[in-house]
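**Q** There's a structure below that I have some questions on.
The values are calculated or read from the model by the stated rules, or taken from the named source; none is laboratory data. Note that this is a predicted model, so its numbers are computed, not measured. Glycine also receives a Cβ, built like all others from the backbone with ideal geometry; neighbour counts cover every protein chain displayed.
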Amino acid sequence: MTELSAAHDAAITDRGRLAGSAYNGDRDLAARQSLYRWQTPLYDLPGMVAEQLSDLLGLVVDVGCGNGRFIKRLRRDRPDLALLGLDIAPGILDGVPGPVAVADATRLPIATASCDAALALHMLYHVTDIAQAVGELSRVVKRDGLVITSTNSDRDKAELDDLWERAAGDVLGTGRGPSRISLSARFSLEKAPAYLGEEFGRVETIELPGIITIRDPAPVIAHMASYHAWADQHDVPFDVTIERARAILADHISRHGAFEIRCKGGVLVCRR
């Protein structure tokens with residue numbers, strides 16, 4: 001592991017940073033979620049998860065539930081299910097319908113084989129020991145149970161990476177600046193099956209490609225600014241780079257009418 005990747009991993013998984021800054025409320029997570037309003041096709045990810053659980057009864061635990069987007073949908077569509085939300089950040093749980101608890105994904109406070117399903121959606125890349133967390137998901141789910149995870153591809157939103165590097169280069173006067181931090185790189189759509197395959201005999205990957213078409217800089221800038229908890233990891237003045245990205249984006253939209261972002265996420269459904 002290089003020094004750069006070690007620093008990246010430490011920043012992405014630091015519990016104090018996650019609980020105290022990145023997810024001490026839902027503003028930043030909501031900004032990243034809201035960008036997908038402009039995606040074509042428009043995927044109903046909470047609905048897809050609910051559909052995967054359609055034949056299931058009992059207890060579903062949402063590990064790393066964040067602002068409760070999936071729990072709220074399941075409470076509406078599947079009031080027959082018992083739901084438990086867990087997250088490492090107390091602040092983001094304020095608006096999540098209970099029961100909820102603060103917990104670490106690598107040490108789940110749940111009895112072995114007590115859950116009918118476990119969700120770990122867009123969060124395993126934040127765990128210090130991904131293999132241990134996958135083992136915990138396997139431990140708490142019944143033998144015939146279901147584990148559903150999600151993440152992004154290594155090729156997701158490359159246009160935003162390019163925009164950041166252009167803006168950072170302008171700020172530094174270097175042409176191209178350093179890359180922005182990637183949250184999902186540790187557990188990307190390409191890497192996830194290997195982790196999950198250690199515990200589950202069947203891992204189905206449902207790819208969700210699309211194009212986000214933006215005609216106003218605001219949602220893109222809100223998305224980029226939502227990484228402010230990792231501002232110190234960018235080797236460039238963060239706020240100044242954000243403002244330079246806004247100017248580049250506004251100019252692009254003025255000349256071309258829109259800014260397109262190719263995105264690719266996915267859901268992984270795991271069974272023994």
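**Q** Against the condition within 20 Å of Val140 (Cα to Cα) and buried (at least 17 other Cβ atoms within 10 Å of the Cβ), how does Ile92 come out, does it pass?
**A** Against the criterion (within 20 Å of Val140 (Cα to Cα) and buried (at least 17 other Cβ atoms within 10 Å of the Cβ)), Ile92 does not qualify.
**Q** Select from the range 98-117 the residues that are in a strand (DSSP E or B) and of a type in the set (Gly, Ala, Ser) and write down the one among them that is surrounded by the most Cβ atoms within 10 Å (Cβ to Cβ).
**A** Taking the candidates together, the pick is Ala117.
**Q** Kindly list the number of the only condition in (1) under 26 Å from Gln132 (Cα atoms); (2) of a type in the set (A, V, I, L, M); (3) assigned to a loop (DSSP other than H, G, I, E, B) that fails for Leu57.
**A** That leaves (1) as the condition not met.
**Q** Now a separate question. Determine which member of the set Ala6, Ala31 is exposed (fewer than 14 other Cβ atoms within 10 Å of the Cβ) and under 23 Å from His234 (Cβ atoms).
**A** Among Ala6, Ala31, only Ala6 is exposed (fewer than 14 other Cβ atoms within 10 Å of the Cβ) and under 23 Å from His234 (Cβ atoms).
**Q** At least 1 residues that are among the hydroxyl-bearing types (Ser, Thr, Tyr), at pLDDT 95 or above and surrounded by fewer than 18 Cβ atoms within 10 Å (Cβ to Cβ) in each: list the helices (runs of 4 or more DSSP H) lying fully within the range 177-272 that qualify.
**A** 238-256
**Q** Given the criteria in contact with an Asp or Glu (Cβ under 6 Å, 6 or more places away or on another chain), of a type in the set (A, V, I, L, M, F, W, C), in a helix (DSSP H, G or I) and crowded, with 16+ Cβ neighbours inside 10 Å, does Ala19 qualify?
**A** The answer is no for Ala19.
**Q** Right, another one. Of all the residues that make up the range 60-81, how many are touching a Leu at 6+ places or on another chain (Cβ under 9 Å) and not in a helix (DSSP H, G or I)?
**A** Result for the range 60-81: 12.
**Q** Shifting gears a bit: Can you give me the number of residues within the range 123-137 that are buried (at least 17 other Cβ atoms within 10 Å of the Cβ), out of contact with any Gly (no Cβ under 9 Å at 6 or more places or on another chain) and not hydrophobic (A, V, I, L, M, F, W, C)?
**A** Summing the residues that are buried (at least 17 other Cβ atoms within 10 Å of the Cβ), out of contact with any Gly (no Cβ under 9 Å at 6 or more places or on another chain) and not hydrophobic (A, V, I, L, M, F, W, C) in the range 123-137 gives 2.
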